[in-house]
Each structure stands twice: as C-alpha cells, then as structure tokens.
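Q: Attaching a single structure in structure tokens format; questions to follow.
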Amino acid sequence: MGISDIASKISGITLSDAPPQEQTPYKNVISVPGTIEAENFDNGGQGVAYNDVSPENQGGAYRTDESVDLVESDGRIVVGYTRPGEWLEYTVDVSEAAEYELEFTVSSLNGGGSIGIDVDGETLLSGIAVPRTDDWDSYRTFTENVTLASGEQIWRVNMESAGFNLDKIVVRPPGSTSILRSPVIENNLAIKTVAGGFHVTAGVSSAQLKVTNIQGRVIFRKSGVFTNSFIPINAGGVYFIHLTQGDKRIIQRYVACQK
Ligand SMILES: [Ca+2]
Ligand SMILES: [Ca+2]
C-alpha cells in the first residue's frame, strides 16, 4: 500500500467526511413555559446542535461523548469552560404566543460574560451581561422579559463573551415568581431580598432606588450611595424594586406575604 493509499484511508475516516448528523431533541421537545437545562442541548453534534471550541468534554460530566464541556458544580450539571462564539441549540415548543420571563441561572468567577438567544435564526436577546458571582460554585439568577411566538422552534443560546457557567433557563409567564434570588450587575450594585424587606447596595456612585406596587405606584424612593441599606416592606403584596445607576439597572420582583 503506497503513501497515497494510506492518505485516502485516513481521510476516509475523518469526521469532516461523515454526513452531518440530524438534529433531534436530547430527551423530549422542551415545553415552554418550562425549564431548559443547559446540558440537555439537542443531539446532532458539533456544527449541528452546538459549536464547541474544544473537541473533548472538558468537565467530563453527563454526556461524555459530546464536545460540550459539562461540569458538575454545586450539585448541578452545568455548561462550563464557555468560549466566545460557542453556541448550543434546543428544540422547544412554546404553548402560547405571549410575554414570558426568562430566568438564567449562572455562575462566574470574574464576570464580563454576555449571552444571547436566537429563535429560528432571529435574535431574541443579545448582549445580556452575565453577573459576576465571585465563585464558579456560587450560582445566581437574573431575568429578562421576552415576547415569544407559539409552536416548535429552535433556540440557539450564544456565548457572546465568555467566562461563565450556565445551569439552566427557566421560562415562565411574567409575574408568576415569588422572591427571586438577587442579581448582581457589579459588586457595587445589588439588591438582596430577605423576609420583611430587602438590602440594597450601590456602593460607589449615586444610584436611584424606587419601589413600585403592582399598580405601578411609587411607594418608596431614595437616592444616593447605599451600603447594605435595609428597606422594610411591611404590607403584603407584590412589589418591584428598581435600582439604577448610570446605564445599569436592576428590576427585581418582591413578594411580601400577608402577616
Ligand atoms: Ca469541549
Ligand atoms: Ca443544568
């Protein structure tokens, strides 16, 4: 067998010559409203169901025959070792065209990441900053509101800027959550909800704090620099806490139980 025969045999087994795999849901089509676990990306492999820079599963968890880096962290399976330009696709079925709230669960040691979502090739979200959580094993949520069409669709989650772990995205009708865990945009801007009220920090430059009730009426307003300042909420009901500082903004829902 000559060199050219060997070369043709080698090229005959390279993956690039294999026909592309068909894209199918990993377990089931994911019902929305519902939970998209990041690790349950579609079947189909590199270039079809996902784009992953490193050929091996660097975390070594869950789906060990895929290139996507899956890590066990804080008792969860998450997508880790994210790199800019990587993406994952999910086959979802939206029950009803409506507004929904997307709640992302993430961790990030150093912050600086951003995420986006395309639906059937159209941008749904782009440039969404992923909060810093100071530890890879420390997870937080943040939410974005979107309008979705009904029916089966392919969601592509884009790792626009890297440096975060993605656990899951919960999709729910807006207004259906109870107390959300606190998002942190930067270390110096945070809302931490607790029973009986919330703590607010805007530690570096002056921020505006506004609390509205479910009718949109402002019931509390404060501006300046706060460090872990406690704002009591005494009457039961649903409130929205708005914290803005320059172009940064956190809006968080707070549900106070009747006493
Ligand atoms: Ca990989
Ligand atoms: Ca997960």
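Q: Please state the relative contact order of the chain as a whole percent: Cα pairs under 8 Å, 6+ residues apart?
A: The normalised contact order for the chain reaches 15 percent.
Q: Search the structure for amide H atoms under 5 Å from the amide H of Gly47, placed 1.01 Å from N in the peptide plane, and list their residues when 5 or more places away or on another chain.
A: For Gly47, whose amide H was placed from the backbone, the distant partners under 5 Å are Asp52.
Q: Counting Lys and Arg as +1 and Asp and Glu as -1, what is the net charge of the other residues whose Cβ lies under 11 Å from the Cβ of Asp69?
A: -3
Q: At 7 Å along the Cα-to-beta-carbon direction for both Lys248 and Ser138, put a label point, then send me their distance in nm to one decimal.
A: Output for this residue pair reads 1.5 nm.
Q: Using modelled backbone amide H atoms (1.01 Å from N, in-plane), which distant-in-sequence or interchain residues come within less than 5 Å of Leu124's amide H?
A: Ile117, Asp118, Val119
Q: Right, next: Applying the Karplus parametrisation 6.51 cos²θ - 1.76 cosθ + 1.60 with θ = phi - 60° to the phi angles of the stretch 217-231, what ³J(HN,Hα) value in whole Hz is obtained for each residue in order, glycine and proline being reported as x?
A: Those phi angles translate into 6, 6, 10, 7, 9, 7, 9, x, 10, 10, 10, 6, 7, 8, 10 Hz.
Q: Now a separate question. Just how large is the dipole of the chain about the Cα centre, in debye to the nearest 20, putting +1 at every Lys and Arg Cβ and -1 at every Asp and Glu Cβ?
A: Value, rounded to 20: 1860 debye.
Q: By its C-alpha gyration tensor, with a ≥ b ≥ c as the square roots of the eigenvalues, how is the stretch 24-172 shaped: rounded for a/c under 1.5, else prolate for a/b larger than b/c, else oblate?
A: oblate
Q: Hey, another quick one. Using only Cα atoms, find the angle between the long axis of helix 3-12 and the longest principal axis of the chain, and express it within 0 to 90 degrees, rounded to the nearest 10.
A: The angle comes out at about 40 degrees.
Q: Select from the stretch 10-110 those GluC sites (Glu not before Pro) which occupy a DSSP coil region and have at most 13 other Cβ atoms within 10 Å, ordered by residue number.
A: Glu22, Glu56, Glu96
Q: Provide the gained length on full extension for the span Ser223 to Asn110, in nm with one decimal, where the gain is 0.36 nm per separating residue minus the Cα-Cα distance.
A: So the extension gain works out to 37.9 nm.
Q: Note down the net charge around Glu99, summing +1 for each Lys or Arg and -1 for each Asp or Glu among other residues with Cβ under 12 Å from its Cβ.
A: Neighbourhood net charge equals -2.
Q: Placing +1 on the Cβ of each Lys and Arg and -1 on the Cβ of each Asp and Glu in the stretch 184-256, which of Gln215, Phe240, Ala195 has its Cα farthest towards the positive end of the resulting dipole?
A: Gln215
Q: If you average the C-alpha positions of the stretch 21-87 and of the stretch 96-121 separately, how far apart do those two centres end up, in angstrom?
A: Each part's Cα centre sits 15 Å from the other's.
Any read-out appearing in this document is the output of simple, stated calculations on the displayed coordinates, not a laboratory observation. This is a predicted model, so every value here is computed, not measured. Reconstructed Cβ throughout: ideal geometry from the backbone, glycine too, with neighbour counts over all protein chains shown.
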